[in-house]
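S.K.: Handing you a structure now.
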Amino acid sequence: MIISKSISKLIGASLCVASLLASCNTPTTEQTNATVAVDTSKIVIENIMARRSIRQYKPQPVNRDTMQIILNCGINAPNGQNKQSWAIRVVDNPEFINGITEVFKEKNPAAKKSPSFKNMFRNAPTVVFIANDTSYDMSQIDCGLLGENMILAAQSMGIGSCCLGSPTRFMTETPEAAEYLKQLDIPEGYSLLYCIAFGYPDETPAAKPRDASKIKFID
């Protein structure tokens, strides 16, 4: 009977220790949240660091459901006083893209000589045009943040992108391109600022070096 009581006490003590060890090894809600936060930040940082400007695309267009997700990410960018001082036009119509490209080639004959040249938007099948509200002096900043959200969202889904300024400059400064500019239906008081090419990458460019010396902490 004495032995039996001793064994019972020993078993009871062992169960208590096991219970304590189990509670120590089971992550708390705070620990779980912290782990998730670390994993999420790692994914976000890797996505940013992996992004490259793509200048060659496969011919298949990005479907509109996917583009809508990218655009929704764009319009959720931070912007001054929530003015949302942008106008966004999405073009995935080959007739538009090829038509304005023909105008571009007439004005820039050298473009015809490149066998890889298909259109003036780095051969992308989808182009997002972004116009800014000229009455708001911070609108260009807002439009830049909008674009960054979109290209990072696209990157996370395996879609390449490239921010372009020369095509929009050509469209706004070339009289022969006026028909295509009109089709974009940019609101009065807004100015076509830049565009972003979107598509599935047909190249894997290496990262270009960045100059960290331009960063300075002020004490």
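The values are calculated or read from the model by the stated rules, or taken from the named source; none is laboratory data. Fair warning: this is a prediction, and the values are worked out from it, not measured in the lab. Positions of Cβ are backbone-derived with ideal geometry, glycine not excepted, and every protein chain shown enters the neighbour counts.
S.K.: In the set I100, I70, I88, which member is surrounded by fewer than 19 Cβ atoms within 10 Å (Cβ to Cβ), modelled with pLDDT of 95 or more, among the β-branched types (V, I, T) and not in a loop (DSSP other than H, G, I, E, B)?
M.R.: Sole residue among the options that is surrounded by fewer than 19 Cβ atoms within 10 Å (Cβ to Cβ), modelled with pLDDT of 95 or more, among the β-branched types (V, I, T) and not in a loop (DSSP other than H, G, I, E, B): I88.
S.K.: Give just the number: which of (1) at pLDDT 95 or above; (2) under 30 Å from A124 (Cα atoms); (3) surrounded by fewer than 13 Cβ atoms within 10 Å (Cβ to Cβ) does K105 not satisfy?
M.R.: (3)
S.K.: Pull up the stretch 48-67, narrow it to residues that are surrounded by 14 or more Cβ atoms within 10 Å (Cβ to Cβ) and of a type in the set (S, T, N, Q), then point me to the one that is nearest to N119 (Cα to Cα).
M.R.: So, considering only residues that are surrounded by 14 or more Cβ atoms within 10 Å (Cβ to Cβ) and of a type in the set (S, T, N, Q), the one nearest to N119 (Cα to Cα) is Q56.
S.K.: Same structure again: State yes or no: is I151 part of a helix (DSSP H, G or I), on the phi < 0 side of the Ramachandran plot and in contact (Cβ under 8 Å) with a residue 24 or more places away in the chain?
M.R.: So I151 fits the description; yes.
S.K.: Could you tell me whether V44 is closer than 21 Å to S161 by Cα, within 22 Å of the chain's Cα centre (by Cα), part of a strand (DSSP E or B) and aliphatic (A, V, I, L, M)?
M.R.: no
S.K.: Right, something else. Every residue in the stretch 116-126 that is under 10 Å from L164 (Cα atoms) and part of a strand (DSSP E or B), please.
M.R.: If the condition is that a residue be under 10 Å from L164 (Cα atoms) and part of a strand (DSSP E or B), then no residue fits.
S.K.: Return a yes/no flag: does the stretch 175-194 have any residue that is surrounded by fewer than 17 Cβ atoms within 10 Å (Cβ to Cβ), hydroxyl-bearing (S, T, Y) and in a loop (DSSP other than H, G, I, E, B).
M.R.: No: zero hits.
S.K.: Criterion first (aromatic (F, W, Y) and closer than 23 Å to T66 by Cβ) does Y180 satisfy it?
M.R.: No.
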